[in-house]
């Protein structure tokens, strides 16, 4: 009986700390910019179109830690309202996914949630490697 009580006390004591691990990224601290890659002449008769890519201002050490995350970790970050926008920007940057022209004009989380979150979430759910 005494050991069961000790276990219950320990669980209650440590439970608030579970799931509260500080994330490496947050929506409030992420800084991004768009990089435009212009027209590229492939040969005399072929030109590739402009690409819009996301560039993040993150320390290399943080980028290295984030690149170690598995698909389930990324999906959890994308579901969390405190990290969803930042996680999406990280994934655009790491996987060099072309940002649509609409993405170029979406400058904050609220607009992203309203117009593109569901689409981006579905894309990452389907295309992220396990």
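The values are calculated or read from the model by the stated rules, or taken from the named source; none is laboratory data. Worth saying up front: this structure is predicted, and the values here are computed from it rather than measured. Quick reminder, even Gly has a Cβ in these numbers, built from the backbone with ideal geometry, and neighbours come from all protein chains shown.
General observations
- Selection status of residue 76, surrounded by fewer than 17 Cβ atoms within 10 Å (Cβ to Cβ), in a helix (DSSP H, G or I) and modelled with pLDDT under 95: no
- Count of the range 80-108 residues which are exposed (fewer than 14 other Cβ atoms within 10 Å of the Cβ), touching a residue at least 12 places away in the same chain (Cβ under 8 Å) and assigned to a helix (DSSP H, G or I): 3
Condition check ((1) modelled with pLDDT of 65 or more; (2) closer than 28 Å to residue 105 by Cα; (3) under 17 Å from the mean Cα position of the chain (by Cα)) across all residues:
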site: 7; (1), (2), (3): no, no, no
site: 45; (1), (2), (3): yes, no, no
site: 49; (1), (2), (3): yes, yes, no
site: 70; (1), (2), (3): yes, no, yes
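- Every residue from the range 56-71 that is assigned to a helix (DSSP H, G or I) and touching a residue at least 12 places away in the same chain (Cβ under 8 Å): 62, 63, 65, 66, 71
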